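The values are calculated or read from the model by the stated rules, or taken from the named source; none is laboratory data. The shown structure was predicted, so the numbers you read here are calculated from the model rather than taken from an experiment. All Cβ positions, even for glycine, are placed from backbone atoms using ideal geometry, and neighbour counts span all protein chains on display.
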Amino acid sequence: MTTAGSLPAGGSVLAVDDQPENLTLVEEVLSEEGFRVRRAADGEEALAAVAADLPDCIVLDVMMPRLDGFEVCRRLKRSRDTHFVPVVMLTALTRVDDKVRAYELGADDFINKPVDIHELAARVRSLVRIKRLRDELDTSESILISMVQALESKDSRTAGHSQRVAVLATALAQHLAAPSDQVELITRGAILHDIGKIGLPDRLLGPEHTLAERSWEEYRHHVVLGERILAPFSSFAGARALVRGHHERLDGSGYPDGLRGTSFELPIEVVALANLYDAIASTEGPEVAAKELRSAAARGEYHAEIVEALVSVVAPSADLATPWSELLPIPSGNRRGRILLGDDLASSREFLRTVLEAEGHEVVSVETAAAVVEAVEREKPDLVMVDIHGQNRSGFELTRAIKSRPGAEFLPVILAAAQRELSDLPDGPRVWADDFLVLPINRLELVARVNSLLRIRQYFRGLEEHHSVILSLASALEAKDAYTRGHSERVGVLAARLGRDLGLPDEDCWLLHMAGQLHDIGKIGIPESVLNKEGRLDSSELQTVRRHPDLGELICRPLKTLRRLLELIRHHHERYDGSGYPDGLQGEEISLGARILGMVDAYDALTSARSYRRSFTPEQALCLLNDETAAGRWDPEVFAALVRMVRSAAPPS
């Protein structure tokens with residue numbers, strides 16, 4: 001999971017205004033908050049600046065020559081490349097219609113001129129956090145795809161299969177005029193459809209028609225395993241049915257559930273057809289694939305009209321190398337959430353409840369600060385809104401109390417207050433609150449603030465889930481091999497303990513634990529016949545095994561929150577005397593974390609049985625590692641700490 005400090009501080013903000021004095025004000029306010037601010041003098045310049053370097057947030061004036069803020073916002077929000085960049089619109093316009101227009105064009109927020117500096121800082125801070133979390137969520141999903149692609153790369157016949165299936169399935173869904181949310185579901189389900197194969201032994205990953213009956217039964221289990229891998233995680237809820245059902249058939253002859261008729265829903269059929277088409281076309285050609293699919297439709301396995309639709313889109317969709325993420329449509333609609341209101345005025349609670357429930361949110365309201373704290377634990381809200389009116393400014397302390405709770409650092413909190421109260425706001429509340437609303441509350445501003453802040457909660461929960469999926473996949477890799485089962489978890493625990501014994505801070509120990517769990521993830525791309533070979537490896541096999549640290553780093557590189565893990569994963573086989581791999585580092589060139597990870601990795605490997613040798617006792621392992629340390633292979637200080645840790649944990653003889 002992501003720690004509170006793991007998201008990068010600051011961020012890049014593009015300020016757009018034709019008045020230099022306004023740009024200066026925005027730059028001064030946001031620079032003091034730690035943001036890097038770029039300027040643009042009009043709409044055309046703004047679009048060019050976004051194209052050159054995508055910012056984390058755009059502060060956009062409405063009234064400008066050449067291209068006004070409304071048109072700039074419209075262009076940004078209609079492209080998936082820029083859709084997720086938050087836009088705050090600054091306006092001197094007071095008509096409600098203008099705010100409605102900005103909101104309908106996709107603006108994430110709007111602030112009236114003259115700009116209140118506290119309000120501007122709070123809006124940008126929250127929206128940049130949203131953007132960063134969205135980026136992390138996208139890149140963590142790409143790790144799953146990297147793992148599937150690494151699995152496919154072991155066999156030239158399947159390399160790129162999931163990518164091609166995603167392109168075909170998306171093209172077919174769009175041809176059939178499926179709603180945008182269904183197209184997105186189909187794309188994600190298609191790219192992940194074979195994720196369960198990560199849990200299958202290599203001997204089952206050849207051509208299906210070569211499998212014996214018993215092996216065929218084992219192979220069919222991959223759809224169930226794939227669904228189980230994703231089952232605990234709500235962000236993959238829709239894709240699970242496609243992962244499980246991509247071998248089902250209209251007539252009930254498929255597996256694992258024998259779906260038939262209306263139970264064989266369109267998204268499942270689209271992915272099933274794209275999967276079968278590519279499996280045939282990649283080995284026997286598109287003409288044979290089209291003929292086979294038509295024959296299957298004639299037998300009642302698919303709808304004939306959908307088969308013909310697929311065949312018709314194959315040629316137009318020609319570029320099967322299009323990155324799968326570029327196929328996703330622009331999302332529509334806002335997320336709904338569970339909102340906790342803390343306000344001692346019944347009239348205020350009723351107004352807020354009416355507005356928020358009309359937007360589809362579930363609302364829980366309480367009257368006192370004490371009741372808010374209790375309700376946060378009991379109701380598990382997605383957002384908290386506190387009115388400080390009549391609470392003797394306790395709303396400020398209440399916000400701090402909420403955000404200080406374990407696991408609540410990304411629970412969005414809005415403070416509502418009179419303008420004079422916000423103007424006198426001390427530094428503490430500005431840090432702890434995610435946003436502010438000025439009383440009396442404007443209905444449109446309330447809706448915009450709530451919708452934006454709910455995305456923080458949504459993205460953070462999704463990010464937690466994706467991290468958990470990655471760890472579960474790493475465990476699934478080990479589950480295939482009785483000799484290495486539990487190795488990575490043990491290495492993570494031992495590395496964190498050794499780091500603490502060496503005086504490392506808690507965050508570094510957390511990184512060591514995570515790195516231990518993921519250090520061998522690159523082995524997904526190494527054939528099991530090599531990994532589990534009894535006896536010595538030949539030079540070619542040895543080079544193949546030595547690819548796994550580099551491949552592990554490549555798989556995890558997209559996830560920004562794990563960037564500090566990359567050198568640990570890459571360098572856990574480096575050695576103090578320079579004899580390690582992949583970079584031949586030596587001595588202090590190897591980070592202390594990598595030296596710790598490599599040490600405990602070697603210790604756990606020695607004290608675990610392998611296909612090619614028996615296990616050593618802890619003392620035997622320490623004796624062997626002592627000899628290697630004396631020969632220069634290990635950092636003497638790290639080895640001495642390992643000896644102390646192992647012997648202090650050993651039962652008395």
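Worth a mention:
- Residue list for the stretch 535-584, restricted to those being of a type in the set (V, I, T) and under 26 Å from D508 (Cα atoms): I555, T561, I569
- Within the stretch 601-629, the residues that satisfy the criterion of being touching a Ser or Thr at 6+ places or on another chain (Cβ under 8 Å) and either outside the structural domain of G578 (by TED's automatic domain parsing) or among the hydroxyl-bearing types (S, T, Y) (or both) are T607, S608, S615, T617.
- Hey, S468 in contact with a helix residue (DSSP H, G or I) (Cβ under 8 Å, 6 or more places away or on another chain), assigned to a helix (DSSP H, G or I) and modelled with pLDDT under 85 or not: no
- Any chance E541 is out of contact with any strand residue (DSSP E or B) (no Cβ under 6 Å at 6 or more places or on another chain) and farther than 24 Å from A496 by Cβ: yes
- Conditions (1) surrounded by 13 or more Cβ atoms within 10 Å (Cβ to Cβ); (2) under 27 Å from S529 (Cβ atoms): number failed by R614: (1)
- Wholly enclosed helices (runs of 4 or more DSSP H) of the stretch 47-152 bearing at least 1 residues modelled with pLDDT of 85 or more: 69-77, 80-83, 117-152
- Of all residues in the stretch 608-636, those satisfying the criterion of being among the charged types (D, E, K, R) and either more than 24 Å from E589 (Cα to Cα) or in contact with a helix residue (DSSP H, G or I) (Cβ under 9 Å, 6 or more places away or on another chain) (or both) are R610, R613, R614, E619, E628, R633, D635.
- E377 vs. criteria at pLDDT below 90 and in a helix (DSSP H, G or I): yes
- Across the stretch 602-609, not a single residue is classified as surrounded by 14 or more Cβ atoms within 10 Å (Cβ to Cβ), modelled with pLDDT of 95 or more and farther than 27 Å from N532 by Cβ.
- Boolean, E213 is over 20 Å from Y277 (Cβ atoms) and at pLDDT below 80: yes
- Screening N22 with (1) closer than 14 Å to I117 by Cβ; (2) within 34 Å of the chain's Cα centre (by Cα); (3) buried (at least 17 other Cβ atoms within 10 Å of the Cβ) gives one miss only, at (2).
- Filter result (at positive phi and over 33 Å from the mean Cα position of the chain (by Cα)) within the stretch 581-612: G587
So that you can scan it fast, the table gives a plain yes or no per residue for (1) crowded, with 16+ Cβ neighbours inside 10 Å; (2) touching a His at 6+ places or on another chain (Cβ under 8 Å); (3) not assigned by TED's automatic domain parsing to the domain that holds R400:
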{"residue": "S348", "(1), (2), (3)": "yes, yes, no"}
{"residue": "L352", "(1), (2), (3)": "yes, no, no"}
{"residue": "L356", "(1), (2), (3)": "yes, no, no"}
{"residue": "E362", "(1), (2), (3)": "no, no, no"}
{"residue": "A369", "(1), (2), (3)": "yes, no, no"}
{"residue": "V373", "(1), (2), (3)": "yes, no, no"}
{"residue": "E377", "(1), (2), (3)": "no, no, no"}
{"residue": "K380", "(1), (2), (3)": "no, no, no"}
{"residue": "L383", "(1), (2), (3)": "yes, no, no"}
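- The stretch 1-19, subset assigned to a loop (DSSP other than H, G, I, E, B) and modelled with pLDDT of 90 or more, residue surrounded by the fewest Cβ atoms within 10 Å (Cβ to Cβ): Q19
- Residue match in the stretch 208-215 (condition: over 30 Å from R461 (Cβ atoms) and outside any helix (DSSP H, G or I)): yes
- Residue that is nearest to the chain's Cα centre (by Cα) [pool: residues in the stretch 277-303 that are in a helix (DSSP H, G or I) and surrounded by 22 or more Cβ atoms within 10 Å (Cβ to Cβ)]: D278
- Those residues of the stretch 46-58 which are crowded, with 17+ Cβ neighbours inside 10 Å and either of a type in the set (A, V, I, L, M, F, W, C) or more than 16 Å from D81 (Cβ to Cβ) (or both), in sequence order: A46, L47, A49, V50, C57, I58
- Candidates in the stretch 228-285 are the residues that are out of contact with any Ser or Thr (no Cβ under 9 Å at 6 or more places or on another chain) and of a type in the set (F, W, Y); of these, the one that is farthest from A298 (Cα to Cα) is F236.
- Taking the listed residues G593, G632, G584, G598, the one that is surrounded by 14 or more Cβ atoms within 10 Å (Cβ to Cβ), in the same structural domain as I521 (by TED's automatic domain parsing) and not in a helix (DSSP H, G or I) is G632, with no other qualifying.
- E184 passes every criterion in (1) more than 25 Å from the chain's Cα centre (by Cα); (2) modelled with pLDDT under 90 apart from (1).
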